[in-house]
Amino acid sequence: MKISEPREGTSPPPESTVTRAVNWEDFREHLATATRDGRRRWLYPKQPAGRWYRWRTWMSWVLIGVMFAGPFIRIQGNPLLMFNLIERRFSILGRIFWPQDAILFAVAMLTFFAGIMIFTTAFGRLWCGWTCPQTIMMEMVFRKLEYWIEGDSQAQRALDAAPWSARKLRIKLSKHVLFLTLSFLIGNTLLVYLIGTDQLFSIVTDDPRNHLVGLGFMVAFTLLFYAIFARFREQACTFICPYGRFQSALLDENTMVVAYDHRRGEGRTPWRRGQSPEMRRAEGHGDCVNCNQCVAVCPTGIDIRNGVQMECVNCTACMDACDGVMDRIGRPRGLVRYASLNGIQRGEPLRFTSRMKLYAGVLTALISLFVFLVLTRTDVETTFLRAPGSLFQAAAEGRISNLYTVKVINKTRGELPIEFRVENRPGRVVVLGAPQFLASGNRLAETSVLVEMDPKDLLGATTPLHIGIYAGGRRIHTVKTAFVGPRS
Ligand code: SF4
Ligand code: SF4
């Protein structure tokens, strides 16, 4: 069967509505976005219209707002979201996390992945269609701008096929300048997430020669996003994103996906003027009128009537397109809808399966552990280590002393006066170079201290010590170290 040849018993779809010709038999043998010899097949999806598209548009405005505003919104002085890899400081919902919170981070990651597993098992790729930044930026920002500048799919196709002219140059130039500007904004937003607003501000306002690395990243991110949204597009979901790949291991016949109701639709054939639904049924035809509108709007170029496919990002465009067709021919909406395979085959409602129960149990345990770790997380984290290579020294009044290096992470916003006390033996801690050790808010502070002890209080060559860390007079926690003295 040739690519454009329709399946037996059906008529070819009208040319004007078809993004590409579809062969219903060989869709598993090659990608919808590639020709048989492996070259890219550029897609011209029609602009969707309908209730799902409207809801997704509203949702995308909210998420885009959060994405762009995230690093600028402050909660108690800290950014709502920040992943400062250079200073190794992370802010989530205004709480600052440090590399020392690695266990918390690991549990958060496990919780996230368990959440994805249970979510995907239950709701398929709802994330991809509604909340994934790639889909949102591509379909709700760049694609909409493209429709606005170049027109709908037919106009775009005609423009690309036309020879170069002043009009074509003007349209293409406006589009790509706009795309580059947007990519610059997105790239800078990513940079703010990575380095924080203050650093970005200094890159922008300071002498560029002092920020060559930062500027390099700015340019690289801009070009990267431009390449993704102007050229790479749906291939990011098909080739790069691992989520689509492992969904096959997570989906089952009870998972909610965007699905074509083949029981209702098959026996597809074009609708004849004046043909009533009863006439169609009497002639053995289903509700699918083979108009190919669901294919024409698909941003990944697939035909949802072939079943669940890896390329499907659950964007709901085909649901809207088909609902529009059903409205016009007087049939109920939902020939393409959110449903499970069992829902379509046997009319079963969406179920909470044993697999979901197992995942939910693991997820609940992980969330509980995460909450426990967050609640028991201390405001001050301290490392108290003997200075490398040092032994003991003689101190005043016949005492001996050991030198220690102390690092304190103050996870609170305010400055904290830190005190150290030897808890398990008589002894004292002297901060070097300052009468008091102050740890600035949300910063790592370092100092050196001497622990002084009377030789009679030592237990031998090495004496275990418990050092209490006090902030504002309140003991935060106790660290263990050792004191080295003369051999007795
Ligand atoms: S839009 Fe609906 S009626 Fe048209 S081809 Fe797709 S499934 Fe069939
Ligand atoms: S098949 Fe439908 S839901 Fe899936 S990507 Fe295409 S248009 Fe979106």
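Quick notes on this one:
- Among the residues of region 253-278, those identified as part of a helix (DSSP H, G or I) and away from ligand 2 (no atom under 16 Å from the Cβ) are R263, R264, P277, E278.
- When V336 is tested against (1) in contact with a strand residue (DSSP E or B) (Cβ under 8 Å, 6 or more places away or on another chain); (2) more than 9 Å from ligand 1 (Cβ to nearest atom); (3) of a type in the set (V, I, T), just one condition goes unmet, and that condition is (2).
- Residue satisfying all of: in region 87-122; under 14 Å from V374 (Cβ atoms) and of a type in the set (D, E, K, R); least open to solvent (accessible area, probe 1.4 Å) among these: D101
- Checked against (1) in a helix (DSSP H, G or I); (2) surrounded by 18 or more Cβ atoms within 10 Å (Cβ to Cβ), P71 passes all but condition (1).
- With respect to the conditions (1) more than 14 Å from ligand 2 (Cβ to nearest atom); (2) within 31 Å of the chain's Cα centre (by Cα), C294 lacks only one, and its number is (1).
- Of all residues in region 298-309, those that are within 18 Å of R263 (Cα to Cα) and near ligand 2 (Cβ under 6 Å from one of its atoms) have Cβ atoms under 7 Å from Cβ atoms of residues that are open to solvent by less than 20 Å² (accessible area, probe 1.4 Å) and of a type in the set (A, V, I, L, M), 6 or more apart or on another chain, in I304/V258; I304/V336.
- Restricting attention to region 475-488, the residues being among the polar types (S, T, N, Q) and either touching a helix residue (DSSP H, G or I) at 6+ places or on another chain (Cβ under 9 Å) or surrounded by fewer than 12 Cβ atoms within 10 Å (Cβ to Cβ) (or both) number 1.
- Test: residue in region 271-279 that is under 20 Å from V297 (Cα atoms) and in contact (Cβ under 8 Å) with a residue 12 or more places away in the chain: yes
- Residue match in region 279-292 (condition: in a helix (DSSP H, G or I) and within 16 Å of ligand 1 (Cβ to nearest atom)): yes
- Selection within region 247-278 - within 30 Å of L358 (Cα to Cα), among the small types (G, A, S) and either more than 16 Å from ligand 1 (Cβ to nearest atom) or out of contact with any helix residue (DSSP H, G or I) (no Cβ under 9 Å at 6 or more places or on another chain) (or both): S248, A249
- Residues within region 432-474 that are assigned to a strand (DSSP E or B) and either open to solvent by 30 Å² or more (accessible area, probe 1.4 Å) or among the hydroxyl-bearing types (S, T, Y) (or both), tallied: 13
- All positions within region 299-308 that are open to solvent by less than 20 Å² (accessible area, probe 1.4 Å) and either of a type outside the set (D, E, K, R) or more than 10 Å from ligand 1 (Cβ to nearest atom) (or both): P299, T300, G301, I302, I304
- Of C322, C315, all but one fail to be near ligand 1 (Cβ under 9 Å from one of its atoms) and surrounded by 21 or more Cβ atoms within 10 Å (Cβ to Cβ); the exception is C322.
- From the options L63, L104, residue that is under 15 Å from the mean Cα position of the chain (by Cα) and either within 26 Å of F246 (Cα to Cα) or at pLDDT below 80 (or both): L63
- So R280, is it open to solvent by 20 Å² or more (accessible area, probe 1.4 Å) and on the phi < 0 side of the Ramachandran plot: no
The values are calculated or read from the model by the stated rules, or taken from the named source; none is laboratory data. Predicted model, so just to flag it, every value in this text is computed and none were measured. In this analysis, Cβ positions are derived from the backbone assuming ideal geometry, glycine residues included, and neighbour counts consider all displayed protein chains. For the accessible areas, the whole protein counts, side chains as well, though only heavy atoms, and no ligand, DNA or RNA atoms are used. Shrake-Rupley method; radii C 1.70, N 1.55, O 1.52, S 1.80 Å.
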